[in-house]
1. Under 8 Å between Cβ atoms, at least 6 apart or on separate chains: pull out the pairs that start in the range 88-99 with a residue that is touching a residue at least 40 places away in the same chain (Cβ under 8 Å) and end on any residue that is part of a helix (DSSP H, G or I) and surrounded by 13 or more Cβ atoms within 10 Å (Cβ to Cβ).
2. So, restricting to helices (runs of 4 or more DSSP H) that lie completely within the range 1-72, which ones have at least 3 residues that are under 17 Å from residue 94 (Cα atoms), in contact with a helix residue (DSSP H, G or I) (Cβ under 8 Å, 6 or more places away or on another chain) and touching a residue at least 60 places away in the same chain (Cβ under 8 Å)?
3. Any idea which of 35, 65, 21 is surrounded by 11 or more Cβ atoms within 10 Å (Cβ to Cβ) and on the phi > 0 side of the Ramachandran plot?
4. Of the residues 82, 89, which is modelled with pLDDT of 95 or more and more than 17 Å from residue 45 (Cβ to Cβ)?
């Protein structure tokens, strides 16, 4: 058991919310489910997120093993983000959120 596992809540729902429980992380996952993206592409598609917040969310998600950051040795440097296998395992959760959101909007 690694240090991170020890810090996580006992409740599995709370653990999930700890890892993806804010608006920005869910939107980052949503966008990366469409494929690899560069920082600017993520910022543009997410919209109202600041550069500082997006950077911190991406770093936290990388640290949690949800996304992979690839830096290419070019001038200027190119950085791309993609989901790890663990990140891809969140797809059914986001699919369920899409279905629920559509059903809610159709009833409203």
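1. 90/20; 90/29; 93/16; 93/20; 94/26; 94/29; 94/30; 97/26
2. Ranges flagged: 23-32.
3. On the way: 35 fails: surrounded by 11 or more Cβ atoms within 10 Å (Cβ to Cβ); 21 fails: on the phi > 0 side of the Ramachandran plot.
It is 65.
4. 89
Every residue, every condition in (1) within 12 Å of the chain's Cα centre (by Cα); (2) loosely packed, with under 10 Cβ neighbours inside 10 Å; (3) over 14 Å from residue 28 (Cα atoms), yes or no:
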residue: 48; (1), (2), (3): no, yes, no
residue: 58; (1), (2), (3): yes, no, no
residue: 61; (1), (2), (3): yes, no, no
residue: 99; (1), (2), (3): no, no, yes
residue: 102; (1), (2), (3): no, no, yes
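The values are calculated or read from the model by the stated rules, or taken from the named source; none is laboratory data. The structure displayed is predicted, hence computed values, not measured ones. A quick note on method: Cβ atoms are made from the backbone with ideal geometry, for glycine too, and the neighbour counts reach across all protein chains shown.
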